[in-house]
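Colleague: Mind having a look at this structure? Questions to follow.
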Amino acid sequence: MTRFNIIKRDDLPKKREWIIRTLAILFSLVSAGLVILALGFDPLEVFPGMVTGALGTEIRLTQTILKAIPLIVTSLGILVAFKMNFWNIGGEGQILMGALAAAYVALNVEGLPKPVMLLLMAAAAMVAGGIWAFIPAFFKARMGVNETIFTLMLNYIAIKFVTYLQYGPWKSPESQGFPKVATFPDNATLPKLFGIHIGWVIALILVVLVYIFINHTKKGFEIRVVGESKETARYAGMNISSVIIVAMLISGGLCGLTGMIQASAVEKTLAASLSGGYGFTAIITAWLARLNAIAVLFVCFAFAILLQGGSYIQISMQIPAAVADMLQGIILFFVLGSEFFIQYKIGIIRKNIPQKEVA
Amino acid sequence: MEGFLAATVIAGMPLLFATTGEIITEKSGLLNLGVEGLMLMGAIMGFVAGYETGNPWMGLLGAILAGAAGSLIFAFLTITLRANQVVTGLTLTIFGTGFASFMGKSYVGLVVPQTIKDFFVKIHVPLLGDIPFIGPVFFRQDVFVYFGYFLVVLVSLYFYRTKRGLNLKAVGESAASADASGINVMVYKYVHTCIGGALCALGGAYMSLVMMSVWVENVVAGRGWIAVALVIFASWNPIKAFIGAFLFGGLSILGFRLQSMGIHISQYWVDMLPYAATIVIIILSSRKNKKENQPPADLGIAYFREER
C-alpha cells in the first residue's frame, strides 16, 4: 500500500528553490501555450511574436521600458503594504488620485521653474495617493475593517471621480467637445535622459531606497514584524496602528507618484484610463518578486515584456492583447502552487504487509 | 415605483447569486476573492455557449462549468497546495478578467439569439402575480429570478436544517475538530468551493445573457467585489444576502430612476453610490460583535492535518 506523507521542510538550498520556481514558470508557459492553442492560435507564433514585439527594435524596447517604469514604482508601493500583510489592492485608485493632484498643480500653478514645478507635482501626488491609502489604513488600524474590499472600492470611486472631472468641470474648452483635460504646460512634463523620460532614474533610485527602508531601518523592521505576527509586534511593545498607517502612507504615496509620472511624462494630461491596470499587475509582480525590492526590478521588466508583447501581437497578428492578462494569471497560479514544493517535502510511505507470522 | 422595484429585483440577481456562492465557499473556511473573475468567466462562457448553440440551457451549463473550473483551480492551489488564499483569489480575478476579455474579443456587440430571449421572457405567476404591489415586483419576472428565490430557500435549508450543512459549518469553524470527528474535510472544502464558484458564474451569465443580452467587455464592473462585501453585510446568512442584493441592485439603477424623475445629478456621482455604500457597510459590519454575525473561525486559514 502506498501513501504520501507531507513534511514541512526545514530549509532548502537557495539553488533548489530557484530551480523549482523556474520549473513553475516553464510549466506555466507550456500550459498557457496549450490554452492559446485551444483558443485557435499558434503558441509558437504568439510567444516569439511577443518577445520580438517587446525587444526587437530600439523603439519597441523603449516602449517596454516605458511600461516597466510605472510597474516598478507601483510594485514597490504594493510591496510595502504586503510586507505588513495589508492587502492594498487599491493601487489603481491611488495612482489616479496622485495623477489628479499632479494635474491640479500643473494646470493651476503658473510661472514656476521646471524643477520646482515637477517637485511640487510629485509632492502633491504622493500626498494625494497617501491620503487615498490612509483612509482604509485608518479604519483597519482602529476598527479592523477589511482593507481588501475597502481599497478596492476606493479604486472605483477614484475612477468615477476622475471621469467626472474629465467629462465635466475639467474638460478643456479647446478640445472641441471631446472629453479631455487640458494638456500640461512644458514646465510640467518630466525631462528625458537617453531618450526615455527620467522616470526610469526615479524607479531605480526608489528600488534602492525601498530595499534599504524594508531591510535596514527600524520602521521597516516593524512593518515586517507586524506582517509576520501581530501578537509578536504587540508583545514587543510596537504601536501597531501607527505602523499600519505609516506603511500605508508610503505605499499610497509611491502609487500616487506613479500617477504623477504617467500624467506628466506619458499622457501629459489627466485621463481616467491613465492607471492602465498597473495597480493590479503590480500585485502579481510584487508577489512574484517575493516582496523583495531588488527582485521587483527584474520581475517588472519581464512583465513589461509581456505587456508590450501583448499589445504588439494585437496589432501585428490580431490576437487580443488580453492574452497578456491571462498569461499573468497563469504564471502566478503556477508560482503560487510551486511554493508548496519549496515549503514541503512529499515522501512516499510503503507499508509492507508481513507475509508470514514470525514464530 | 413598482416598475423601479421590479427592476431592482433584476439588478440584484447577479449579486444574489454571487453572494450566495461566496457564502457557501466561505462557510467551508475558504476566502475566495476571485468572485469578480468567476463572474466574468461565467458571463463570457455563458454568452459564448448560448450564442453558438442558441440554447439557454447550454448557456447556463457553459457558465456553470466555467465557474466550477475556475474555482477548482483556486481549490487545488489553496486546499491541496496551501497557497495564500488572498493572493490566489486576486490572481483568479486577474486571470478571469483577461480570459473574458480575450474570449470575448470577437463577440463584442453581438446580440443574444431570440430563442434565449424567449426563454427568459417575463412570466406572470398565477395568483402570486396578482397580489397587489408584491405581485408586479416579485412574481412577474423571468425564470432565472424564480430560480434565485428558490436558491435562497434551498441554501438556507441546507445550512440550517441538514446534517451536511452542520458538517459544513464544523469544517469552516474548526477543520481540525471536524476532521477528528470523521468529516472528510478536503471533500467538503473542494465541493463547496466549486458549487460556490459555479453560482458566481451563473450571476455573471445572467448579466451577459439576460440583463445586457449583448456582449460588452467587463460587464460585471465590480459587482463581484460588492458581492464579497455583501457576504460580510449578510453575516454569512443567505436570507440577509437576499435583502443586501436588492438594496445594492436598487442603488445600481438609481441613476436612471432619478434622471427619469427629472432630477439631474451627474451620472458619475450616482455611479459611485454602490461602491461608497459598500464601504459604509463594511465599516458598520465591523462594529457588530454578536456571536452569530462572526465569520467562520477558520476562514482564510489553510488546513494541514500533519500540523494539527
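Each reported figure results from applying straightforward, stated rules to the coordinates on display, with no laboratory input. All values reported here derive from a predicted model rather than from experimental measurement. Note: ideal-geometry Cβ built from the backbone for every residue, glycine included; neighbour counts use all protein chains shown.
Colleague: Amide H to amide H under 5 Å from A:Lys345: which residues, 5+ apart in sequence or cross-chain, H placed 1.01 Å off N in plane?
Modeller: Amide H neighbours of A:Lys345, under 5 Å, 5+ apart: A:Ile7, A:Lys8, A:Arg9.
Colleague: Measure out, as a whole number of angstrom, how far apart the alpha-carbon centroids of the stretch B:64-126 and the stretch A:116-173 sit.
Modeller: 30 Å
Colleague: Got a sec? How would B:Thr19, B:Thr91, A:Thr189, B:Thr97 order by Cβ neighbour count within 10 Å, fewest to most?
Modeller: On the way: B:Thr19 32, B:Thr91 29, A:Thr189 20, B:Thr97 25.
With the sparsest Cβ surroundings first, the list reads A:Thr189, B:Thr97, B:Thr91, B:Thr19.
Colleague: Here's a follow-up. Once amide H atoms are built 1.01 Å from N in the peptide plane, which residues 5 or more positions from B:Val214, or in another chain, come under 5 Å H to H?
Modeller: B:Val112
Colleague: Further, regarding this structure: Of all chymotrypsin sites (Phe, Trp or Tyr not before Pro) in the stretch A:164-258, which ones are in loop regions per DSSP and have a Cβ with at most 12 other Cβ atoms within 10 Å?
Modeller: Those satisfying the criteria are A:Phe194.
Colleague: What are the equivalent ellipsoid semi-axes of the stretch A:151-252, built from the alpha-carbon gyration tensor (square roots of five times its eigenvalues), in whole angstrom, biggest first?
Modeller: Values: eigenvalues 311, 101, 15 Å².
Its equivalent ellipsoid spans semi-axes of 39, 22, 9 Å.
Colleague: So which lysines can A:Lys114 reach, going by Cα to Cα under 26 Å and dropping same-chain residues fewer than 8 places off?
Modeller: Filter leaves A:Lys67, A:Lys171, A:Lys180, A:Lys192, A:Lys268.
Colleague: OK, next. Sort largest first and round to whole Å: the equivalent ellipsoid semi-axes of the protein assembly as shown, each the square root of five times a Cα gyration tensor eigenvalue.
Modeller: Working: eigenvalues 284, 236, 134 Å².
Over the Cα atoms of the protein assembly as shown, the semi-axes work out to 38, 34, 26 Å.
Colleague: Something else now. Please state, as a whole number in µm²/s, the translational diffusion coefficient that the Stokes-Einstein equation yields for the stretch B:2-307 at 4 °C and 1.567 mPa s, with Rh defined as the Kirkwood radius across alpha carbon pairs. The partial results should precede the final answer.
Modeller: Values: Rh = 19.6 Å.
D = 66 µm²/s.
Colleague: May I ask you to evaluate 6.51 cos²θ - 1.76 cosθ + 1.60, the Karplus curve with θ = phi - 60°, for each residue of the stretch B:59-73 and list the ³J(HN,Hα) values in order in whole Hz, giving x for glycine and proline?
Modeller: Calculated HN-Hα couplings, in order: x, 5, 5, x, 5, 4, 5, 4, x, 5, 5, x, 6, 5, 4 Hz.
Colleague: Counting partner chain Cβ atoms within 10 Å of every residue's Cβ in A:276-288, what's the average? Let's see the in-between values first.
Modeller: Values: counts 0, 3, 0, 0, 4, 1, 0, 6, 4, 0, 1, 5, 0.
Partner-chain Cβ atoms within 10 Å, mean over residues of A:276-288: 2.
Colleague: Across the stretch A:305-321, in residue order, what do the Karplus-derived ³J(HN,Hα) couplings come to in whole Hz, using 6.51 cos²θ - 1.76 cosθ + 1.60 with θ = phi - 60° and x for Gly and Pro?
Modeller: Whole-Hz 3J(HN,Hα) from phi for the stretch A:305-321: 4, 4, 5, 5, x, x, 6, 5, 5, 5, 7, 7, 10, 6, 9, x, 5.
Colleague: Further question: Order by neighbour count: A:Lys345, A:Lys8, fewest other Cβ atoms within 10 Å first, most last.
Modeller: Values: A:Lys345 13, A:Lys8 10.
The most exposed by this proxy come first: A:Lys8, A:Lys345.
Colleague: Taking R0 as 45 Å, what FRET efficiency do you get between B:Thr80 and A:Arg142 from their Cβ-Cβ distance, rounded to the nearest 0.05?
Modeller: 0.75
Colleague: Run down the lysines and flag those whose C-alpha is under 21 Å from the C-alpha of B:Lys169, throwing out any fewer than 8 positions away in its chain.
Modeller: Partners found: B:Lys27, B:Lys189, B:Lys240, B:Lys288, B:Lys290, B:Lys291.
Colleague: Rounded, prolate or oblate: pick one for the stretch B:1-84, where a ≥ b ≥ c are the square roots of the eigenvalues of its C-alpha gyration tensor, a/c under 1.5 means rounded, and failing that, prolate if a/b is larger than b/c, else oblate.
Modeller: oblate
Colleague: Okay, moving on. I need the shape label for the stretch A:212-264. Rule: rounded when a/c is under 1.5, else prolate if a/b > b/c, else oblate, with a, b, c from the alpha carbon gyration tensor. Display every interim value, and only then the final one.
Modeller: On the way: a/c = 3.69, a/b = 2.46, b/c = 1.50.
It comes out prolate by the Cα gyration axes.
Colleague: Only Cα pairs within less than 10 Å get springs; with that Gaussian network setup on chain A, which residue of A:Gln63, A:Gln176, A:Gln94 has the largest fluctuation?
Modeller: Judging by the Gaussian network model, the answer is A:Gln176.
Colleague: From the square roots a ≥ b ≥ c of the eigenvalues of the alpha-carbon gyration tensor of chain A, which class results: rounded (a/c under 1.5), prolate (a/b over b/c), or oblate? Please list the in-between numbers first.
Modeller: Numbers: a/c = 2.33, a/b = 1.46, b/c = 1.59.
Oblate, because a/c is 1.5 or more while a/b does not exceed b/c.
Colleague: Additional query: Once every DSSP H run of n ≥ 4 in the protein assembly as shown is given -39500 (n - 2.57) and the sum is divided by its residues, what mean residue ellipticity at 222 nm do you get, rounded to the nearest 500 deg cm²/dmol? Please report the intermediate quantities before stating the final value.
Modeller: On the way: 26 runs with 455 residues, N = 667.
Rounded to the nearest 500, the figure is -23000 deg cm²/dmol.
Colleague: On to the next question. With θ set to phi - 60°, apply the Karplus curve 6.51 cos²θ - 1.76 cosθ + 1.60 along the stretch A:160-166 and write out the HN-Hα couplings as whole Hz, x wherever there is a Gly or Pro.
Modeller: Taking θ as phi minus 60°, the curve returns 5, 5, 5, 4, 4, 5, 5 Hz for the stretch A:160-166.
Colleague: Relative to the longest principal axis of the C-alpha atoms of chain B, give the angle of the C-alpha long axis of helix B:2-27, reported between 0 and 90° and rounded to the nearest 10°.
Modeller: 10 degrees
Colleague: Among B:Leu77, B:Leu258, B:Leu30, whose mean-square fluctuation peaks in a Gaussian network model of chain B (Cα, cutoff 10 Å)?
Modeller: Of B:Leu77, B:Leu258, B:Leu30, the Gaussian network model singles out B:Leu258 as fluctuating most.
Colleague: Please give the charge dipole size of chain B, origin at the Cα centre, charges +1 on K and R Cβ atoms and -1 on D and E Cβ atoms. Round to the nearest 20 debye. Mind dumping the intermediate values first?
Modeller: Values: 20 positive and 16 negative charges, 123 e Å.
That gives a dipole near 600 debye.
Colleague: Under 24 Å from the Cα of A:Lys219, which lysines turn up, not counting those fewer than eight places away in the same chain?
Modeller: A:Lys83, A:Lys140, A:Lys230
Colleague: Helix B:223-233 sits at what angle to the longest principal axis of chain B, using alpha carbons and giving 0 to 90 degrees rounded to 10?
Modeller: 60 degrees
Colleague: Among A:Thr258, B:Thr20, B:Thr278, which comes first, then next, by fewest other beta-carbon atoms within 10 Å?
Modeller: Lowest to highest Cβ neighbour count: B:Thr278, B:Thr20, A:Thr258.
Colleague: Please list, by residue number, every one of the trypsin sites (Lys or Arg not before Pro) in the stretch B:230-290 that is coil in DSSP and has at most 15 other beta-carbon atoms within 10 Å. Each step should come with its number before you reach the end.
Modeller: On the way: sites: B:Lys240, B:Arg257, B:Arg287, B:Lys288, B:Lys290; in loops: B:Arg287, B:Lys288, B:Lys290.
For trypsin sites (Lys or Arg not before Pro) across the stretch B:230-290 that sit outside H, G, I, E and B with at most 15 neighbouring Cβ atoms in 10 Å, the list reads B:Arg287, B:Lys288, B:Lys290.
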